[in-house]
Structures are given as C-alpha cells and as structure tokens.
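Enquirer: Have a look at the structure that comes next, please.
Each reported figure results from applying straightforward, stated rules to the coordinates on display, with no laboratory input. Keep in mind the model is a prediction, meaning the values are calculated, not measured. Neighbour counts are summed over all protein chains in view; Cβ atoms, including those assigned to glycine, are modelled from backbone coordinates with ideal geometry.
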Amino acid sequence: MNKTDILVIGGGVAGLSFAIWMAEKRRDLHITVLTKTHTGESNTRYAQGGVAAVWDENVDDYQKHIADTLDAGDGLCDEDVVRMVVEEGPKRVEEIIQWGARFDKKSDGKYDLGREGGHSENRILHFKDITGWEIQRTLNEKVKEYDNVTILEHYFAINIITQHHLGRLTTRLSPDIECYGAYALNKESNMIETFVSRVTILATGGAGQVYKSTTNPVIASGDGIAMMYRAKGRVANMEFIQFHPTSLFNPAGENPSFLISEAVRGFGGVLRTTDGKEFMHKYDDRKSLAPRDIVARAIDNEMKLRGDEYVFLDCTHLDKEGFINHFPNIYEKCLSIGIDPLKDFIPVVPACHYTCGGILVDEMGRTSIHHLYAAGECTSSGLHGANRLASNSLLEGLVYGERMSIDIAKVIDSIPIQENIPAWDAEGTTEPREMVLLTQSLKELKEIMSSYVGIVRTDVRLKRAQDRLYLLYEETEQLYNTTTLSPQMCELRNLITIAYLITRCAQMRKESRGLHYNTDHPEQFDYKQNTLL
Ligand code: FAD
Ligand code: SIN
C-alpha cells in the first residue's frame, strides 16, 4: 500500500500546476502525481493557439472577455465562474511566466496577442503554434524543484476508492460518499497497487478518443469522468462535445488528427468550399471567426450539401514570413504531406476536440464526493456552458489548480488517512486470449459515436446509439470480470461509459443549444444544466 497526503491523477496543466502551488504552500505534505504514460503526454502538450487572458488593458478589459465567454457558452455558463476565471486568469499566467514559460513578443517588447473564434479582441498569449508544449515543459521543470512531490509515470488509475470498497452500499443519492485514494495499474510490473490519501484530485483530461476522428492524443479516454461516474459521483453536461472546425484532412488517416489552429483564421485564413467559394457569411456575421459550434456546423452542412469530404482553408494571401514565424509547426506538417499553405489551399475537416461537460465541481474544485477534487478538461465547472470559447481551457486549468490548493491547505489537516483498504481483488480472472475483441469493440464504439452522436443529432440516431452501446457494454463487462486488467481493457470500458454519458445527456436535452444540435428539437428553451443522477 502506498500512502501519500495528496494523490493527483493527471500531470497536464491542471494536475501539475496544482501540485506546484500545493507543494509551495505546504512543504510538510507529500504529493504523489500519477500519469498513465509519461509526463510529456497530455492534451496540454498539444495546445496550439494559446492562453486567453486580458493582457493589454488599453484595448481589452475583463468585461469583454466575460461577454465573449458567455456568448460562446450560449446561455449555459455560470456567470460567477466566468468572472472569477477571467479576473484571476492573468495573475496565474504571470506566475507561470515567472516559472519560465515563454510567450512570443513583438519587436516593441509587448506580447504578441493572437485572436481566435468568438474573441472580440486580440488576447491570446502564445508560443509559436506550440503553446501547450511550452507550458507542459515549464511545469515539468518547475515541479522538479519540490522534493515533496513524487511523479509516478506509467501508472494507470483504474478506480477511486470509496466506502463501496469497504463493503458498504453507496448509491447515486448517497450524500456522504468519501474518497480514500485510488487503485492503479503499475504498467511496468503489471501489478495493481493501492494508493491511500487524505485528498485525491482527478485531473485526467478529456475524452476525444470516443470518436473516430479527434485532435486528442490516445490518452484522452475520459478515465477520470468514468471513474467518477462508477463511484456514483455527479457528472454533468456531457452532450456538449466540441468539434474543432479545422483539423487537417489527411487521406492517409492519423490518430490524433493534426490540428490547424483557429489562430490561423485569426491571422486571416479564410474558409472556402472545394470550388473555392467563401461560405461562412451565410451562417454568421463573424464569418470564419464565429464561435466553434457555428463554424463546425456550417462546415458539416456544406460538406453534406456538396458531398465533399473536406473544405479548404485559404492562407495563400497571407504574409509568408509572418505565417511561418507564427505557425512553424503547422507549416512543416502541411509541407510533410505535400501542401504548401502559402501556395495551396489546406483541406480541413471538423474533428472531436474538447469535452465541455464532465465531473461537476464548485468554485474551489470540490466534487460531490468528499475529499475528492477535480480540475481541467475532465470537469464541468460552469465556465464553458454549451460551448467553450477558444483558449479558455489552459486558463481554467491554471485557475482551478491554484484554487484547489487554497482550499485543500485549509482542510487537509482534519482529514485522516484510511488504513483498512483491501488490496485489489483479481481472483478468478485469467489472461485475455484475444486482444482483437478489445480492438474491434473500440472501432465499433468510435463508429457508433461518429455516425449517430456527432455534430448533428436526431432522436432516432441517439436511440440507435444507445441500443448499440448497450451490447458493447454487456460484452465488455463480461470480459472485464473474467480477464486480468490491461490499460486497453480499462480504456475501452471507460470510453463505453463516456459514450453512454454523452448519448444519455443528448437524449435528455430536448432542444438545440451550443454544441448540441438535434434536428428534431431545433428550438432553444431549456436553460438548465443536465446533471446525471
Ligand atoms: P491533460 O493535459 O489532458 O492531462 C491529463 C493527464 O491525466 C495526463 O497526464 C494523463 O497521463 C493523465 N491521466 C489520464 N487518465 C489517467 C489514468 N487513468 N491514470 C493516470 N493518469 C491518467 N486549450 C487552450 O486553452 N488553448 C489552446 O490553444 C488549445 N489547443 C489545443 C490543441 C489541441 C490539439 C488539443 C487536443 C487541445 C487543445 N486545447 C487548447 C485544450 C487543452 O489543451 C486541454 O483542454 C487542456 O490542456 C487539458 O488539461 P488537463 O490538465 O485537464 O488534462
Ligand atoms: C486552436 O489552436 O485552435 C485550439 C485552441 C483551443 O482549443 O482552445
């Protein structure tokens, strides 16, 4: 049994920034961070556009950033949360700059602020087009300064531990579920280890891998959200899956799909159909820079009308040096598949990008389960509502990382460690004989979600998805109960739960709002959050 004061599951922007702020506040506490692969791999690492924050107060102010966030969120954001994140965000960004994060500057020494869809001002701090890589690098370096933080890589968290594991009944309505830590598979020894802690944090990121085409790396299998749901905790708003309008259309197929940052449209890139015509003016006055739900739906519609597999992003009119300077990674990637963005149109297609719903948290990152906190993309905090505003996600991870550390510093001394946790029971299980059962089920799952629960939904498609998902669920549970655990098995099981949650929430929302568009319910009327009991 591993004992630690604070167990953090996840080493992206939310998990690691928390660990650093916490370790700084309380040098007497021991913090253990688990990551399922290595610490360099996370959604954070792939972020391109940057971090949105009110920076140049001569032209921008908090009220504008708040208004843009509320507008993108289409009536479902929690305005207090939006205000809090927008107002605290710049201070958190200043702190990571002090920790060593670099953001591009102009020749006058001021930050080069980018623009993305739905933003009324240039307010996005970025490092070339690899901002996430720079932030992950900074956090990985900074955390090494704290000898009270231990990072354990290649530890796959399977379940959080609650009273259920002590043989007591818990239901979704139990008001007093407590978390005592987590079971995790040590991928090197293949043993399942028990971690007990006073406080546990879920910072496990999103779930993009539930769709066939996604910008998310393969680690994004919604593990934290699925663990929370299994533990009978509150999860909300899962129907709001953000499709990024412009992932690179690569006929060779790749997982993840390569992102062409929205900042490219902020720099002047224009969307066109395959016959070279502009179309975004038909959908929104902001044209190619409208919020993502609108642009992705417009592209989807144009592709369906024309029977095309992609639309074009036209950058041929843009300043060559400026483009290469701002987007060196995108430029190189396009060249590598034979497209010169400054001479050829770039073929792009929407791909699953961000999970707006997730574990329900309050303003300090507290979940419905005692001693369990959550932050980052795995949460539903109220910031994003029905559609996240571009580049608000890294900001959210930083703000909640710091807020959790404040709250936990106050309460942790009164929380005991539970010593009497049973070891993981693997009795009666045998080695899986056919991995193909897992890989084929994963393919089927992605097919179901992409065909029936994509950008445009109908009641019949959602029902069909639920029926198919149930079969997959039954088959996978049977395998889970009889075979020894592997990361592939756990991920498949978690993704089936995620697919169920997305589809169920989509069925519950009898209207179209933000990222959820159902042609059987095109109107807006229901301004409620969807909390799953
Ligand atoms: P992640 O960074 O995904 O970290 C998750 C961590 O949890 C990882 O360390 C992983 O190993 C660990 N983990 C997961 N499951 C387990 C498990 N079972 N056991 C142990 N460990 C586990 N947002 C912006 O604000 N600006 C941008 O420009 C931007 N660009 C993006 C570009 C791309 C291509 C993508 C994919 C996303 C982008 N986003 C952007 C979104 C943003 O990057 C993410 O929402 C954010 O980084 C999520 O951070 P996180 O800490 O919540 O999770
Ligand atoms: C992008 O660079 O287009 C992604 C930004 C984001 O997802 O916030």
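Enquirer: Assign one of three labels to region 1-156, namely rounded, prolate or oblate, based on the Cα gyration tensor with a ≥ b ≥ c the square roots of its eigenvalues; rounded applies when a/c is under 1.5, prolate when it is not and a/b is larger than b/c, and oblate otherwise.
Expert: prolate
Enquirer: By counting other Cβ atoms within 10 Å of each Cβ, how are Arg27, Arg504, Arg198 ranked from fewest to most?
Expert: Arg27, Arg504, Arg198
Enquirer: Still on this structure, please answer the following. Rounded, prolate or oblate: pick one for region 342-392, where a ≥ b ≥ c are the square roots of the eigenvalues of its C-alpha gyration tensor, a/c under 1.5 means rounded, and failing that, prolate if a/b is larger than b/c, else oblate.
Expert: Prolate, because a/c is 1.5 or more and a/b exceeds b/c.
Enquirer: Do any trypsin sites (Lys or Arg not before Pro) in region 397-458 lie in a DSSP loop with no more than 10 other beta carbon atoms within 10 Å, and if so, which?
Expert: Arg433
Enquirer: For a quick check: with amide H placed at 1.01 Å from N, whose amide H comes under 5 Å from Lys128's, ignoring anything fewer than 5 positions away on the same chain?
Expert: Those qualifying (amide H under 5 Å, at least 5 residues apart or on another chain) are Asp104.
Enquirer: Can you tell me the orientation of helix 292-306 relative to the chain, as the angle in degrees between its alpha-carbon axis and the longest Cα principal axis, to the nearest 10?
Expert: Relative to the chain, helix 292-306 is tipped by roughly 60 degrees.
Enquirer: If you line up the long axis of helix 131-143 against the longest principal axis of the chain, both from Cα atoms, how many degrees apart are they, to the nearest 10?
Expert: 30 degrees
Enquirer: Thinking of region 254-388 as a set of Cα atoms, what percent of all their pairs are more than 28 Å apart?
Expert: That fraction is 31 percent.
Enquirer: What percent does the relative contact order of the chain come to when contacts are Cα pairs within less than 8 Å and at least six residues apart?
Expert: 22 percent.
Enquirer: Sticking with this one: Please give the charge dipole size of region 188-257, origin at the Cα centre, charges +1 on K and R Cβ atoms and -1 on D and E Cβ atoms. Round to the nearest 20 debye.
Expert: 320 debye
Enquirer: As a test of the formula, what do you get for the chain when each DSSP H run with n ≥ 4 contributes -39,500 (n - 2.57) and the sum is divided by the residue count, at 222 nm and rounded to the nearest 500 deg cm²/dmol?
Expert: -11000 deg cm²/dmol
Enquirer: Compute the signed sum of charges (Lys and Arg +1, Asp and Glu -1) over the other residues within less than 13 Å, Cβ to Cβ, of Lys343.
Expert: Neighbour charge sum, excluding Lys343 itself: -2.
Enquirer: Figure the gain on full extension for Lys105 and Met508 (residue separation times 0.36 nm, minus the Cα-Cα span) and round it to one decimal in nm.
Expert: That works out to 140.4 nm of additional length.
Enquirer: Under a cut-off of 17 Å between alpha-carbon atoms, report the lysines in cross-link reach of Lys128, not counting same-chain residues fewer than 8 places apart.
Expert: Lys105, Lys106, Lys110, Lys320, Lys333
Enquirer: Pull out a ≥ b ≥ c, the square roots of the eigenvalues of the alpha-carbon gyration tensor of region 398-487, then state rounded if a/c is under 1.5, prolate if not and a/b is larger than b/c, and oblate in the remaining case.
Expert: Oblate.
Enquirer: Now for a separate question. Cut-off under 16 Å on the C-alpha distance; same-chain residues fewer than 8 positions from Lys304 excluded. Which lysines are left, in chain and number order?
Expert: By straight Cα distance, Lys304 reaches Lys277, Lys282.
Enquirer: Same structure, new question: What is the sum of charges around Glu95, taking Lys and Arg as +1, Asp and Glu as -1, for the other residues whose C-beta is under 11 Å from the C-beta of Glu95?
Expert: Counting the neighbours of Glu95, the net charge comes to -1.
Enquirer: Only bridges whose two residues both fall in the chain count here: according to DSSP, what percent of them are antiparallel, nearest 5?
Expert: For the chain, the DSSP antiparallel bridge percentage is about 60.
Enquirer: Run the numbers for Lys282 and Ser120: contour at 0.36 nm per residue of separation, minus the present Cα-Cα distance, in nm.
Expert: 56.3 nm
Enquirer: Return Thr274, Thr171 ranked ascending by Cβ neighbour count within 10 Å, so the fewest neighbours appear first.
Expert: Thr171, Thr274
Enquirer: For each of Leu479, Leu472, Leu445, count neighbouring Cβ atoms within 10 Å of the residue's Cβ, then give the residues from fewest to most.
Expert: By the 10 Å Cβ count, ascending: Leu479, Leu472, Leu445.
Enquirer: Expressed in whole Å with the largest first, what are the equivalent ellipsoid semi-axes of region 54-93 derived from the C-alpha gyration tensor as the square root of 5 times each eigenvalue?
Expert: 18, 12, 6
Enquirer: Angle, helix 13-25 long axis vs. longest principal axis of the chain, Cα atoms, 0 to 90°, nearest 10?
Expert: 60 degrees
Enquirer: For the chain, with equal point scatterers placed on the C-alpha atoms only and solvent neglected, what are the log10 I(q)/I(0) values from the Debye formula at q = 0.08, 0.10, 0.12, 0.13 1/Å, to two decimals?
Expert: Per q value, in the given order, log10 I(q)/I(0) is -0.48, -0.76, -1.12, -1.32.
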